[in-house]
Amino acid sequence: MASRRFSNQASFTVPRAATVSSSSAHDVEKITPTSSQLEIKKRQVRWSDDMDQALIDTLLEMVLASPRTTENGFKSDECTKVVNKVLERCQVVVGVSHVRARLKTFKTEYKEISELLKTSGFRLDENGRVTTDPLVWEKHLQVKSSFLAFIFPC
């Protein structure tokens, strides 16, 4: 599908989202008319805050335009709209599988944060971060260490 989308266009470069290297030569990926959906699907994507915002804004627009009555998630064509919006706003090529994986991550994080906020002593600060007394954190982390990701340095 992607090769058809790019077939009428010349090759172009986009910032690579999955770069760990500090070398600027590796921070750009060349997208050509022969780039296959499989190549896009296979590569790892590290989502930036801007990419997350594009995803959330696009899905919110879709939900507000036609409210949903089921909890079955988003259809493939709706995820494709997110793919196009991320490309437009952030110049990063992602696939539908990347969007679905990011939504799964959001769902997991939402459940964990909800669980924390139901626990006595935890609250959100003005920046939207989960906060509590350090002793409460220590006690809670002994039971469930997966919440370590939500501790922010002061």
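Bear in mind these aren't lab numbers, they're just calculated from the coordinates by the rules spelled out. Since the model is a prediction, treat every value here as computed from it, not as a measurement. As a convention, Cβ positions derive from the backbone with ideal geometry for all residues, glycine included, and neighbour counts pool all protein chains shown.
Observations
- When each of K75/K118; K42/K144; K104/K144; K81/K144 is checked by Cα-Cα distance, pairs over 29 Å: K75/K118; K42/K144; K81/K144
- In this simple spin-label approximation, N127 and Q91 carry label points 7 Å from Cα along the Cα→Cβ vector, and these lie 2.9 nm apart.
- The label point for K75 and the one for V63, both projected 7 Å from the Cα toward the Cβ, are 1.8 nm apart.
- Cβ-Cβ FRET estimate between E115 and K139, R0 fixed at 22 Å, reported to 0.05: 0.90
- For T108 and R46, the FRET efficiency from 1/(1 + (r/R0)^6), where r spans their Cβ atoms and R0 equals 22 Å, is about 0.85.
- Remark on region 41-106: ratio of C-alpha radius of gyration to 2.2 N^0.38 Å is 1.06.
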